[in-house]
Amino acid sequence: WWLVGGLTQVDLAKNSIGEWRFAILYLTVSIGFAAVLRNKLPWPRLNWLIGFAALLGLALVFAADDEYGAPLAPPTLLAWLAYAAAMAWALWSAAGMRARSLVVAHLAGLWTIALAASMQMKDIVDANALAEGWEFLAVVAPVALMTLGLWRRASLLAWPRAQEFAGYRVGWYGLALPILCWAFVAGLFLGGDPAPLAYLPVLNPLELALLAIGGLLYAIAGEFSLTRTLRKGWPLVGFAFATMATLRAVHHLHLEPWSPQILDSGFSQASLTVVWSLLGVGSWVLGSRRHNRQVWWGGAVLMGIVLLKLITVDRGYMGNMPGIISFIAVGL
C-alpha cells in the first residue's frame with residue numbers, strides 16, 4: 001500500500017520537485033521509517049520494505065540517466081547521498097540479523113553502485129570523445145574493481161554487513177563472474193581503438209583491461225570448488241588472447257580491416273604463425289625445465305597445429321614475403 005501509494009504521486013511531482021527526485025526521496029523516507037519501526041512494533045518483516053526500496057534503486061539509476069543525462073549528474077547527488085545514507089543506516093542498525101530481506105537489500109545496494117558507476121563512466125568517455133578501448137575499460141572497471149574489493153577487502157567494501165557478507169557472497173559472485181566472463185569474450189572481438197593515444201600492442205586500454213579481468217577470474221576461480229576445475233582451461237584462454245591481440249596489432253599497425261576478412265591477409269597469417277610458434281616453443285622449453293608434462297604436451301600440440309597451418313594455409317602465400325617469413329620463422 002505504501003509503495004503503490006507513492007507511485008500514484010509521481011506524476012503530481014513533475015511540476016514541483018521533479019519525478020525522479022520525488023521517487024528517490026520517497027524511497028529514502030520509506031527506508032528510514034522501516035528501519036525505525038521494525039524494532040518498535042516489533043515487525044521484522046518491515047525489512048522487506050527496505051529490500052524492495054533497494055531493488056527500486058536499480059531502476060532509479062536508469063531513470064536518472066534518462067532525466068538528467070547521467071546517473072550521477074550534479075542535480076542528483078544530494079538525493080543519492082540521502083538515499084545511500086538511509087540505506088547504510090538501515091543495514092548497519094540491523095547488524096547480526098540474518099534475514100533474507102537484508103541480503104536482498106545489501107546486494108541490490110552494491111549492484112546499484114556498480115551500475116551507476118559503469119553508466120557514469122560511459123557517459124564521461126562519450127562526453128570526452130574517447131575511443132572504443134577506453135569505453136570498454138570504463139564500463140567494465142566498476143564491476144571488476146568491486147569484485148576485487150569484495151574478495152580481498154570485504155571488511156571495507158561489504159560494510160555495513162561485512163561480517164554477514166561471507167554467508168551470501170555467492171549472490172555477488174554468481175552474477176559478477178558471468179558478467180566479467182562475458183565482458184572478456186566480447187572484448188576479445190573488439191577493435192580496441194585507443195585514441196587519442198597511439199596504439200601499442202598489449203599496452204593499450206582494451207588489452208590491459210582483458211589481462212586484468214583474466215587474472216581476476218583465474219584468482220577467484222580458485223576460491224570455489226565448483227569453479228576450481230575451470231583453471232585447467234586457462235591455457236586456452238591465454239591462447240585466445242594472444243591470437244586476438246596479434247590480429248588486433250595487425251589491424252592497427254598494418255591497417256588491415258577489423259573484420260573476418262583480416263584472415264585473408266598473408267601478413268595476418270604470417271603474424272599468427274610467428275606468435276603461435278613462439279608460444280609453442282616457449283611451452284616446450286618451460287615444460288622441459290619444470291618437468292611439467294602438461295605444459296610440454298601443450299607446446300607440442302600447438303607446434304603440431306602450426307605445422308598443419310603451414311601446409312594448409314601459409315603454403316598459399318609462398319609466392320610472397322609473408323609466406324616465406326612464416327616458413328623461416330617456424331624453421332628457426
### Query
For segment 1-28, what are the residues that are in contact with a Leu (Cβ under 8 Å, 6 or more places away or on another chain) and open to solvent by 20 Å² or more (accessible area, probe 1.4 Å)?
W2, L3, I17, A23
### Task
State whether one or more residues within segment 107-126 are at pLDDT below 95, more than 19 Å from P44 (Cβ to Cβ) and open to solvent by less than 20 Å² (accessible area, probe 1.4 Å).
yes
### Query
Pairs, please: C-beta under 6 Å, at least 6 apart or cross-chain, first residue within 12 Å of E132 (Cα to Cα) and in segment 189-202, second part of a loop (DSSP other than H, G, I, E, B) and open to solvent by 30 Å² or more (accessible area, probe 1.4 Å)?
G191/W258
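Somewhere in segment 132-149, is a residue farther than 30 Å from H252 by Cβ, without any contact (Cβ under 8 Å) to a residue 60 or more places away in the chain and not polar (S, T, N, Q)? Write out each step before concluding.
Keep residues of segment 132-149 that are farther than 30 Å from H252 by Cβ, which gives 146, 149.
Narrowing further to those that are without any contact (Cβ under 8 Å) to a residue 60 or more places away in the chain: 146, 149.
Within this subset, residues satisfying the condition of being not polar (S, T, N, Q) are 146, 149.
Yes, some residue in segment 132-149 is farther than 30 Å from H252 by Cβ, without any contact (Cβ under 8 Å) to a residue 60 or more places away in the chain and not polar (S, T, N, Q).
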### Task
Mind listing just one residue for me: the one in segment 278-304 that is in contact (Cβ under 8 Å) with a residue 12 or more places away in the chain and under 31 Å from the mean Cα position of the chain (by Cα) and, of those, surrounded by the fewest Cβ atoms within 10 Å (Cβ to Cβ)?
G282
### Task
Would you be able to say whether some residue in segment 29-51 is closer than 22 Å to V103 by Cα, under 30 Å from the mean Cα position of the chain (by Cα) and open to solvent by 70 Å² or more (accessible area, probe 1.4 Å)?
yes
#### Entry: Positions within segment 250-277 being under 28 Å from the mean Cα position of the chain (by Cα) and surrounded by fewer than 20 Cβ atoms within 10 Å (Cβ to Cβ), in sequence order
H252, L253, P257, W258, S259, P260, I262, V275
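What's the total number of residues in segment 52-68 that are within 25 Å of R98 (Cα to Cα) and open to solvent by 10 Å² or more (accessible area, probe 1.4 Å)?
Taking segment 52-68 first, the residues within 25 Å of R98 (Cα to Cα) are 52-58.
Still in the list and also open to solvent by 10 Å² or more (accessible area, probe 1.4 Å): 52, 55-56, 58.
Residues that pass the stated criteria total 4.
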## Note on the structure
Result of the Cβ filter at 6 Å on segment 207-221, keeping first residues that are under 11 Å from R231 (Cα atoms) and among the hydroxyl-bearing types (S, T, Y) and partners that are modelled with pLDDT under 95 and part of a helix (DSSP H, G or I), at least 6 apart or interchain, is Y218/W234
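The values are calculated or read from the model by the stated rules, or taken from the named source; none is laboratory data. The model shown is predicted, which means the values in this text are computed figures rather than measured ones. So basically every Cβ, Gly included, is an ideal-geometry build from the backbone, and we count neighbours across all protein chains shown. Each accessible area value is taken on the protein alone, full model and side chains, heavy atoms only, with ligands, DNA and RNA left out. Shrake-Rupley method; radii C 1.70, N 1.55, O 1.52, S 1.80 Å.
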